[in-house]
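This report refers to the structure that appears directly beneath it.
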Amino acid sequence: MTVNHLSSALSMSPAELEALDRRHLVRSMHRGDIADRVIIVRGEGCTVWDSLGNELLDAAGGGVWHSPIGHGRADMAEVASKQMREIEFFTSLMEFSNDKAILLAARLAELAPEGINRVFFANGGSEAVESAIKAARLYHTRHGEPDRTWILSRQHSFHGSTYGSGTLTGFPHMQAGVGPNLPNVERLSPATYYRAGYLYGGMDPTDFLVRELEETIARIGAGNIAAMIGEPVMAGGGVLRPPADYWPRMGEVLRKNGILLIADEVVTAYGRTGAWFDSVQRDLKPDMIAMAKGIAGGYAPLGATLMTDDIAETIIGSGGFFHGYTFQGHPVACALGLATIDIIEREGLIGKASQIAEWFGVGLAPAVGLDPVGDVRVEGSLACLELISDPQTTQPMDWGVAERVAFEIRTKHGVIARPYGHNLVMAPPLVITEAEARRAADAVVDVVTRLRLDGTIVAG
C-alpha cells in the first residue's frame, strides 16, 4: 500500500494503518511475538485515543515517563507554529547558534544544581548520556590522564540504547547479540531497600555499597576511571529510592579519587519527584547531568548534557569538542522547552508530585501484602509494583507476566500502565487529577488482586 499524501493517511481505516505498521515500522523494543497493536492518534490532558476510538487514561506519561504537562495543548502548538514561521532550523555547528537554544540553556542553568552552568543539547536521553561519556573521557585526557577511560554504572539501571549508553544500561538484554560492546564498563550493585536483607550480607546498605565502590576503584585503579553514572532514583530498575546517606557518601569517595559523577536525570528531572532536579534533594552534587523526557514537554525530541564550567572549558579548549548532532539545539524544540518551563511554573506542577504520591499511596495500598506483589514503591509521581512468583524467596516474575498484567489493565479498564521487566510502573503527566489517579490505582489493584503466583490472571 502506498501513501501519497497526508489526507489519504488521515482517511485510512484502523485496519489499513495496522497493516502499514506491520509492513514498514520497526518500533522501540520491537519483538516479533508482540501481536497487539495500539495506534494512538489523539491526546488531551491525561487521556489519549487510539485509531479504533478507544479512550485510554495515560498513567505512564506517554508510555515512557515523559509528558509532564499533558497531551494536546493548544498553547504548545502555537509556540511551535510561531517558531516555525520565524526559523524552523539552522545548525548549531561551530560559530552558529540560535536565540531559543541560548535562552533555554540559560534557563536550565538557573534551575540546575549549584555549579552546573553549561548545556550541550542533544535529541534525547541516549544521546545526552553518550555525550557525557565522551566529555568525561576527554576531560581527563586534556588534564593529562588519558588512561581514565572506565565508566562505572549499576545493575538494573537504564541509561539509553545507543552504543555507549546501551553498554552502561544494567539490563543484559540491551547488550545481547550486538557486541562487542563499549569496553571498560563496570557495573556496581543497585541501592535498594527491597531484598536488602540478603543483597548486602546483613550489612547496612550504604556501608556495603560504599565498600563495594572502594574495592572496585582499588581493583581497576583510580587513575583508570573517568566517571560513575547513576540515576538519583532508579526508574527502570523499579523506582528504587536509595538510603539518604547513599549519594553523599558515594560522591565523597568518587571526589577523593578524582572520578566525575554523572547524574542521569532523564526521568527524574522536571518535577517527577517534586523538584526541578532530583540531584539536589539527594545531595548528589553531580559534575554532569543527562536529561531529556520532559524537557520539551514531550512535544519535540530534545535532550541535554549539563556540566560545570570546568568541564566545559576543558573540553572546548585546546582542540575542541569534536562531537555533535545535526539537529542539536533545534530552535522549535528549544522554544517548546522554554514554554514547558513556563507552564510548569505557572501551573505549580513541581509541587504536584507530592499530591500524586499521596493519591497513589492510598490507591495502591490494597495491593500491599498480596502474594504476587513483593513491594509497592511510590516516589513522587513515580509508582512501581514489583511482581514476584514466590513470597519466601522473592523470586521475580517472568518479564512476560508484567506485560500480561498491563494488557489486562488496558483492555479491561482503559488505563495505560507500563510493564518494565518484572515490574509494573506508572508515571502519569503531572496534570493528572485525583479522580484519574484513583481510577489508575483501582485498575492496577483489580488486576494484581486477580494475579496468581504462577503468572495467570483469574477472569474478573
What's the FRET efficiency of ALA435 with TYR194 using the Cβ-Cβ distance as r and R₀ = 22 Å, to the nearest 0.05?
0.15
Going highest first, how would you order 168-174, 403-409, 52-58 by mean Cβ packing within 10 Å?
403-409, 168-174, 52-58
Cβ neighbours within 10 Å, averaged per peptide: list 21-30, 307-316 in order, most packed at the top.
307-316, 21-30
Gain upon complete extension [ASP371, ARG211; 0.36 nm per residue less C-alpha separation]:
54.2 nm
Quick check on the stretch 20-159: take the gyration tensor over C-alpha atoms, sort the square-rooted eigenvalues as a ≥ b ≥ c, and tell me if it's rounded (a/c under 1.5), prolate or oblate.
oblate
Around THR141, with a cut-off of 15 angstrom between Cβ atoms, what is the net charge of the other residues, counting Lys and Arg +1 and Asp and Glu -1?
0
Would you mind checking which residues have amide H under 5 Å from ARG187's amide H? H placed 1.01 Å from N; only 5 or more apart, or other chain.
SER153
What FRET efficiency, computed as 1/(1 + (r/R0)^6) with R0 = 25 Å and r the Cβ-Cβ distance, is obtained for SER97 and GLU44, rounded to the nearest 0.05?
0.10
In the neighbourhood of GLU408 defined by beta carbon distances under 14 Å, the net charge of the other residues (Lys, Arg +1; Asp, Glu -1) is +2
Per-residue ellipticity at 222 nm for the chain, helices alone: DSSP H runs ≥ 4 residues times -39500 (n - 2.57), over residue total, nearest 500 deg cm²/dmol?
-11000 deg cm²/dmol
For a quick protection proxy, order the peptides 285-297, 143-155 by their average other-Cβ count within 10 Å, most packed first.
285-297, 143-155
Restrict the search to the stretch 291-367; then list the chymotrypsin sites (Phe, Trp or Tyr not before Pro) that DSSP places in a loop and that have at most 10 other Cβ atoms within 10 Å of their Cβ.
PHE322
Loop sites in the stretch 72-120: GluC sites (Glu not before Pro), DSSP, at most 10 other Cβ within 10 Å:
GLU95, GLU114
Might you report the magnitude of the Cβ-based charge dipole of the chain about its Cα centre, with Lys and Arg at +1 and Asp and Glu at -1, to the nearest 20 debye?
500
Computed over the stretch 77-346, the relative contact order (Cα-Cα under 8 Å, seq sep at least six) in percent reads 29
With r as the distance between the Cβ atoms of LYS412 and ALA15 and R0 = 25 Å, compute the FRET efficiency 1/(1 + (r/R0)^6) and round to 0.05.
0.60
Any chance you could run the full-extension gain for GLU78 through GLU313? It's 0.36 nm times the residue separation minus the Cα-Cα distance, nm to one decimal.
80.9 nm
Charge dipole of the chain built from unit charges on the beta carbon (Lys, Arg +1; Asp, Glu -1), centred at mean Cα; most positive-end Cα among TYR193, VAL431, PRO331 is PRO331
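Values in this text are rule-based calculations from the coordinates and carry no lab data. Remember, predicted model here, so these are calculated numbers, not experimental data. Please note: Cβ atoms are built from the backbone with ideal geometry, for glycine as well, and neighbour counts cover all protein chains shown.
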